[in-house]
1. Would you rank 93, 110, 38, 99 by solvent-accessible area, highest first, keeping every protein chain in place and using a 1.4 Å probe?
2. Decide, for the stretch 70-143, between rounded, prolate and oblate: order the square roots of the alpha carbon gyration tensor eigenvalues as a ≥ b ≥ c, take rounded if a/c falls under 1.5, and otherwise choose prolate if a/b is larger than b/c, else oblate.
3. Can you pull out the trypsin sites (Lys or Arg not before Pro) in the stretch 50-143 that DSSP calls coil and that have at most 16 other Cβ atoms within 10 Å?
4. How long is the chain along each principal axis, judged by its Cα atoms, biggest number first, in Å?
5. Among residues other than residue 135 whose Cβ falls under 12 Å from its Cβ, what is the net charge (Lys/Arg +1, Asp/Glu -1)?
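The values are calculated or read from the model by the stated rules, or taken from the named source; none is laboratory data. Everything quoted here is computed from the prediction, not taken from an experiment. Cβ placement follows ideal geometry from the backbone for every residue including glycine, while neighbour counts extend to all protein chains displayed. The protein model used for the area step is the full one, side chains on, heavy atoms only, and it has no ligands, DNA or RNA in it. Shrake-Rupley method; radii C 1.70, N 1.55, O 1.52, S 1.80 Å.
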Amino acid sequence: MTSRPPPRPAAKSYDGEGIVVGFDAHRCLHAAECVRGLPAVFDVDRRPWVQPDNAPADEVAEVIHRCPSGALQYHRTDGMPDEVPDVPTHVSLHADGVLHVRGDLEVATLFGPRHETRVMLCGCGATANTPYCDHGGPCAGHG
């Protein structure tokens, strides 16, 4: 019998008026799209660091869509749709060895399949968060 690692803790959730923001720290690669895009909502020097009520839900959703790793997700509670996957699916291999993928995705993980719209997958195979990149492998020095 093969033992499995314990499941990762669920993403932290930040409730706002009309939108709920989820953040999975294990997936964050610090692209900083959120902090640059909407600093009133995303401020790493403040607790909680995500304050979705500091901007309209549409703006929060638009900035989250820029997050390449998918560490940030959202769920609309104001009747507007959740994130619509990019069509067609787009895959690109970056110089740092990371596969950037956007689309309607099903990613096989150690904990079972996950539905995703944005991911950064490990291109070198040396990650502690398989299959997601954690910049812990030999390709971390590139870029």
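1. Largest accessible area first, the list is 93, 110, 99, 38.
2. Working: a/c = 2.29, a/b = 1.85, b/c = 1.24.
Prolate is the answer for the stretch 70-143, as a/c is 1.5 or above and a/b outweighs b/c.
3. When the trypsin sites (Lys or Arg not before Pro) of the stretch 50-143 are filtered for loop state and at most 16 Cβ neighbours within 10 Å, 66 remain.
4. Over the chain, Cα extents along the principal axes are 43, 38, 35 Å.
5. Net of charged neighbours comes to -1.
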